[in-house]
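Please read the structure below before turning to the comments.
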Amino acid sequence: MSQPTPEVYEQGKGMDAHNQVMREIRSRKEASYDPHEPTRVWLDEDNTPDGVKRSLTIILNTGGCRWARAGGCTMCGYVAESVDGGSVSHEALMDQIEVCLEHEEENADEPAGLIKIYTSGSFLDEREVGAETRRAIADTFGDRDRIVVESLPDFVDREKIADFTQHGLDTDVAIGLETATDRVRHDCVNKYFDFADFEDACAEAAAANEDAADAEAGIKAYLLMKPPFLTESEAVEDMISSIERCADVEGCHTVSMNPCNVQRYTMVDELYFNDGYRPPWLWSVAHVLEETADVDAIVVSDPVGHGSDRGPHNCTECDDLVQKAIKDFDLRQDPSVFEQVSCECELTWETVMERERSFNQPLTR
């Protein structure tokens, strides 16, 4: 598997030109953040292999993604919310967990069955979250039903997963694969690893699943709809193919397709302000979900910032209705929900799908 050192990434693993641009863009960040406060925390509902569960989602404030500090992905601005200095102490991270538990106690009738922990990087990277903290978090949530933790494939191994499954806690590792197409991942997203590395991580999760006596372990693939430099139709085609390929990999039980949104301190942000990028249409999201509804995996989507110019959107008139249909599909996995929404702008979307080419994109705003 790819070796997780920024030095190696710089020497051909990523695109040096992309990394140079991304470092310059990220250097403009001026805000600073409290290492004792989480970046975000909220309550929601999520579809899991065990059905729909109430969820507590936690975004820990760590030193940020190691790859992002080397330059990083063209669309990801989350590292801009990270603590300066590259590391956060065990005590500070556990303070963040305590803040999240207090939020849950104040806003939920009962503890959530599903815990989702993200770091805007890799929870399993011990430079971000040390082994002591990882095990303490596993102890803290050992009485819940299921946990999701985020990681690049490099850091996924059965021993780390076992820290959670030994508590009888079903454990999913969420991997930002972005696409199953290596060319798109390397050239459009500027992400260094290959699909084969994702398959290796799935194999590690499958091995952890076999080793666990009272719990299950698996992989949740995160895909990115419409990274920069793809037309709308190319992005749709890539997502359909990627979902199908992920669903065929043993150990991968869920695919979350995330439409790209425009985040600050990113290359996508630069392109957007120079009329070189438009976030995907919500019709594209609905179309992909319809086309992949019969794959052997749970397929969901969460269009962050839907209806805004910087997020996935249609014409503004129908955005909320299509978003609601997408949310209904996430929970029910029933493509017929999309038959209940329509709008005149669907014709415009169809025209974009047919006529947009790389040299004239975006064809509409």
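The values are calculated or read from the model by the stated rules, or taken from the named source; none is laboratory data. All figures in this text were calculated on a predicted structure; none of them were measured in a lab. All Cβ positions, even for glycine, are placed from backbone atoms using ideal geometry, and neighbour counts span all protein chains on display. What goes into the accessible areas is simple: the full protein's heavy atoms, side chains included, and nothing from ligands, DNA or RNA. Shrake-Rupley method; radii C 1.70, N 1.55, O 1.52, S 1.80 Å.
Worth pointing out:
- Where a residue in segment 323-352 is open to solvent by less than 20 Å² (accessible area, probe 1.4 Å) and its partner, wherever it lies, is of a type in the set (Gly, Ala, Ser) and in a helix (DSSP H, G or I), with Cβ under 6 Å and at least six apart: Val337/Ala325; Phe338/Ala286; Phe338/Ala325
- Scanning segment 164-172 turns up at least one residue that is closer than 29 Å to Ala70 by Cβ, modelled with pLDDT of 95 or more, charged (D, E, K, R) and open to solvent by less than 10 Å² (accessible area, probe 1.4 Å).
- Criterion: under 27 Å from Gly64 (Cβ atoms), in a strand (DSSP E or B), open to solvent by 10 Å² or more (accessible area, probe 1.4 Å) and in contact with a strand residue (DSSP E or B) (Cβ under 7 Å, 6 or more places away or on another chain) - qualifying residue of Leu177, Leu224: Leu224
- Scanning segment 104-133 for residues that are open to solvent by less than 30 Å² (accessible area, probe 1.4 Å) and over 20 Å from the mean Cα position of the chain (by Cα) yields a count of 7.
- Restricted to segment 255-286, and to residues there that are open to solvent by 20 Å² or more (accessible area, probe 1.4 Å) and under 16 Å from Thr231 (Cα atoms), the residue that is farthest from the chain's Cα centre (by Cα) is Asp275.
- Whichever residue in segment 134-162 is of a type in the set (Asp, Glu) and surrounded by 21 or more Cβ atoms within 10 Å (Cβ to Cβ) and, among such residues, is nearest to Thr57 (Cα to Cα): Glu150
- Checking each residue of segment 22-32 against the condition of being over 26 Å from Thr140 (Cβ atoms), of a type outside the set (D, E, K, R), surrounded by 14 or more Cβ atoms within 10 Å (Cβ to Cβ) and modelled with pLDDT under 80 gives at least one match.
- Every condition in (1) touching a Lys or Arg at 6+ places or on another chain (Cβ under 7 Å); (2) within 23 Å of Glu350 (Cα to Cα) is met by Glu204 except one, and the failing one is (2).
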